[in-house]
1. Filter segment A:382-436 for residues that are more than 38 Å from the chain's Cα centre (by Cα), assigned to a strand (DSSP E or B) and not hydroxyl-bearing (Ser, Thr, Tyr); which is surrounded by the most Cβ atoms within 10 Å (Cβ to Cβ)?
2. Quick check: is even one residue across segment A:619-629 more than 12 Å from chain B (Cβ to nearest Cβ), open to solvent by 50 Å² or more (accessible area, probe 1.4 Å) and more than 28 Å from A:PRO522 (Cα to Cα)?
3. Consider A:PRO293 carefully, then state whether it is touching a helix residue (DSSP H, G or I) at 6+ places or on another chain (Cβ under 6 Å) and at the interface with chain B (Cβ under 10 Å from one of its Cβ atoms).
4. Say we look at segment A:463-501 and pick out the residues that are at pLDDT 95 or above, touching a Lys or Arg at 6+ places or on another chain (Cβ under 6 Å) and closer than 30 Å to A:LEU566 by Cα; which of these is surrounded by the most Cβ atoms within 10 Å (Cβ to Cβ)?
5. Please list, ordered by first then second residue, the pairs with beta carbon atoms under 8 Å, 6 or more apart or interchain, first in segment B:91-115 and farther than 22 Å from B:PHE44 by Cβ, second of a type in the set (A, V, I, L, M, F, W, C) and assigned to a loop (DSSP other than H, G, I, E, B).
6. Residues being closer than 14 Å to A:SER366 by Cα and open to solvent by less than 30 Å² (accessible area, probe 1.4 Å): count how many of those fall in segment B:119-138.
7. Between A:LEU134, A:LEU140, which is buried (at least 17 other Cβ atoms within 10 Å of the Cβ) and in contact with an Asp or Glu (Cβ under 7 Å, 6 or more places away or on another chain)?
8. Here are some residues: A:GLU325, A:GLU354. Which one is acidic (Asp, Glu) and either open to solvent by less than 40 Å² (accessible area, probe 1.4 Å) or closer than 24 Å to A:LYS309 by Cα (or both)?
Amino acid sequence: MKPILVFLAVLPLAAQIPPPAAPAPAAAAPAATPEPAAASPAPSSENWVTGYIEVGYRGLTGVGGSYSTYRSVVDLGSGLKLNDTDFTILDPKHRLFDRIRVRADHWGDDPWSSLHIFVEKRELYKFLVDVRRLSYFNDLTSYADPNLTRGTGLDQQSFDTRRYVGSYRLELLNNHRVSPYLEYEHDSSTGSGVTVFQTSADEFAVPDTTTDSTDLYRVGTHISGQRFHVTLEAGGTVFKSSQNTYTYTSQAGNPGNNPVPVFGQTLDLTSLLDAYGIRGTSLFTKGTFTATPFRWLDVYGNFMYSEPKSTVNYLQYDSGNLFLESQILFYNSEQYLVASDAKLPHTSGNVGIEVRPLKRIRLLESWSTDRLHGSGSASQNDTLNSGSPSSSTVIADLLEAALTSNYSQAESTVMVDATRNLTLRGGYRYVWGNASDLVLPVQGLPGVINENLRRNVGFIAATYRMGSKLSLTAEFEKGSSSGAYFRTSLYNYTKVRGIARYQLLKTLRASADYNVLSNNNPNDGSPYLFFSHQETLGLDWTPKGDKLSFDGSYSHCSFHSEIDYLNPGTLTPLLSDYREDCHSISGYLNTSIHAPGKEGKDHPVQLSAGGAAVLTSGSNPTTYYQPTARLSMPLTKHVGIFAEWRYYGLGESFYGYDSFRAHLIAGGLRYTR
Amino acid sequence: MLSTNPKGPRGAGLIACALLALILFPGKASPQAPPGATGRAKTFGDTYAGSDTCQTCHEDLFNNLRKSAHSVVDTDARLGWKDHACESCHGPGAEHAGSADATKILNPAKLTAERTDKICLTCHLNTVKQSDRVNSSHMKDTVSCVACHTVHANGPAGLVARTAPQINTLCTSCHLDVKAQFAKPFRHKVPENEMTCVDCHNPHGSARQTMLQTFASNEPGCFKCHGDKRGPFTFEHAPVKYEGCGSCHEPHGSVNARMLNRNEVRFTCLECHSNLPSVGAAASKVGNSVAGTVPPAFHDLRLPRYQNCTVCHQKVHGSYADRFFLR
């Protein structure tokens, strides 16, 4: 971050550097570069910096209900914030740059913050920075807590992490025939939480810490000609992770989740050191082209290849009174070491053409493929001690794993402009592929699994547009399969989609969406039935332009899925029946009150109020309310104040312990220039 | 190594050779032409009026144009429309200028989407952004460029929404159903404007389904933020690689914790790991088996200890060390 801040600090100064006292005309206008002054986006009479900054304080008035769920879902806190800023710096002399645009929001211990910087000098370079900082907290009480009878309520998979994602991209020589670019991306996370240490007869909730980072480098160039474009790119990633490194020491012993004595002995864990060291690299290449060899033909294509690899060292030392079911063996301490590696070559490509044989007809042909051929191996060495060194048991394994997936798709589409307003589209898509998955030696799993994918899809659609007043789109898609990878995969399905937009009045626009998906996967004696539909209606009303506007929407959706399974413990047939019937409504009213005169017109009092609400019934009846209101008022030409209120209320009928409600009140200053 | 499907389309090599030849010998080429240039050494006759004439009546639009990226059309002779930027889209304007008759000038806003796009794509087709145009559902639904891009836009924001609130408002003005899904409690932070729709989707089209963005050339864009789920894992969980994150998660929003597609994680797992025969109806046709149907253990799901599968099978996205995803 520091270099960026220094860069930002220096650039405005550079913009203000006065021109040399007597510049030589030749130096001011290099012969090879057209002088862009005529294209100045900023007449010199304009401000060199324009924009606004908004700072304030937000208070959380207290959370009713589950604070952990509040943090998992909302996580807004109290404190001083840089709420929002968006400003542009222009250099009328076009020396180092033409303009810089900076946007940043929610800095100051907010759960999500972002910073975007865009610097441009036309014809020479563009520099883009995109930084996100995310707090990812997740601690939801488990619906199935085996330790609840002991008086503890613990999510055994919870975490409190901070993630940083940044990308920095430099594009050179824009609008030139050859335009290279460089990019660096960084993604890292660090945090702590609770996870489970697993043994064969018991599992123990333990604290853990995690860190991971991915650095991505890419370099490429765009090559453009009169009728074609090619982009060539190469890059690599470096991945590091030391996830789930945790230590735990307990004199009393962690009793774990299994309260039942094993052969009369109670199991416990007294100490643990468990660490992963993960390193990964990958190289990737990408080639993209478009071409227009004839006026009636466009050609598109992409080729992409990546080969990520990873090597891992895992070590685990634990002690306690523990049991290995496969050997019917009690042990007091264990050393478990794993050295593994994996690679996953991944090839993708597609080619497409758009042919316009007649004025009103377009033919689209496309073919794409995506191929994964992964392999991995793991060497495991497990040493168990039952009291003395002479009583050690060593279990060594060498495992080989392989996963492949070959996916292909070919699609033909005909588009016909039947009339000036009506476009018809129809086509056929064939999807095919195969996949396999195996781990050797086989142990408790089926052997090699080979799956095939075969799907024939037909679709028709129509779009009717009457200027900007009316737009109707309807699409029907029917798929029929003779092979799929999973019981719940799309198999024999029907999709229907409809979208309508109508400008009822000059100030009123109505919109409607309709979506249906019906899927039937005829597994042997246990078909998977899925049906969903969603209807949405929206209104945009602007009776007085920017002085008064309202946008609102209402949506109803319904999901229903059914599939059988056997309880693996009792082998009794059960039905997984998921239903969700949801109503969601949102509406926002925006008003601007202008005081008389130009000053009042430029700086109105603004009031926004509205929010969203969701009510669902079925397998997880839930209500979620999110109303909000905001008032902003000018104090002077450049300074204004704002106040904001938000409410979040989550209610769950079956998992009531997750319910919460919270009020947030914020206020602050806004400076505009 | 598994072989590809013999029933797939044939003759791909011939098609590729033909296309390559078309690209390498495209006809006229202007060595000085920058991207998007027409390559024509255009001479403007009496039918053209010039941007200055347009400015006389449309000063606000002209001023906006001069501040936008399109001003380069008016200033860069290599693009072939120097001082005639307005007419590069609207066609010859002398007659309109002389008569002030709106019917005497081409108005792209009143054309069909296909014809409007044709005007934009005269310059913008052969660019990296359009390389997946043939896979774009926007293109297939005849959603015109100007549905999202405002050609006469003013200010530094350029021709399209740039800030998160603007982008999300623009997308959800059509995708109302998705807007409703984002009102649910467990979601990506799009309503908070900490993410935008284009963080995950490429509105111009993508090689991946649902116009998903990609990471490191061809991997799902999800891994840009969820790098720890990327692998490659020694022991992969097949659905993650075969059908993607959407196998178990509802990325736009869910009433279920962790954006899962079922209210309890065991149902998400058991619908595949059903303990029912692995050979499905498909077997009778293509010798298919269905993956993952037999669980490796015989847990008694009546006990809370076994109801939350991911407590033990914690590395459910893939494991570096354990074939059963236990560590």
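The values are calculated or read from the model by the stated rules, or taken from the named source; none is laboratory data. Just so you know, these numbers come straight off a predicted model, no measurement behind them. We place every Cβ from the backbone using ideal geometry, glycine too, and count neighbours over all the protein chains shown. With ligands, DNA and RNA removed, areas are computed over all heavy atoms of the protein, side chains included. Shrake-Rupley method; radii C 1.70, N 1.55, O 1.52, S 1.80 Å.
1. A:LEU384
2. No; the residues of segment A:619-629 include none that is more than 12 Å from chain B (Cβ to nearest Cβ), open to solvent by 50 Å² or more (accessible area, probe 1.4 Å) and more than 28 Å from A:PRO522 (Cα to Cα).
3. Judged against the criteria, A:PRO293 is a match.
4. Ranking the candidates gives A:GLY479 first.
5. Cβ pairs passing all conditions: B:ALA113/B:VAL143.
6. Total satisfying the criteria: 5.
7. Working: A:LEU134 fails: in contact with an Asp or Glu (Cβ under 7 Å, 6 or more places away or on another chain).
When all the criteria are applied, what remains is A:LEU140.
8. Details: A:GLU325 fails: either open to solvent by less than 40 Å² (accessible area, probe 1.4 Å) or closer than 24 Å to A:LYS309 by Cα (or both).
Being acidic (Asp, Glu) and either open to solvent by less than 40 Å² (accessible area, probe 1.4 Å) or closer than 24 Å to A:LYS309 by Cα (or both) holds for just one of A:GLU325, A:GLU354, which is A:GLU354.
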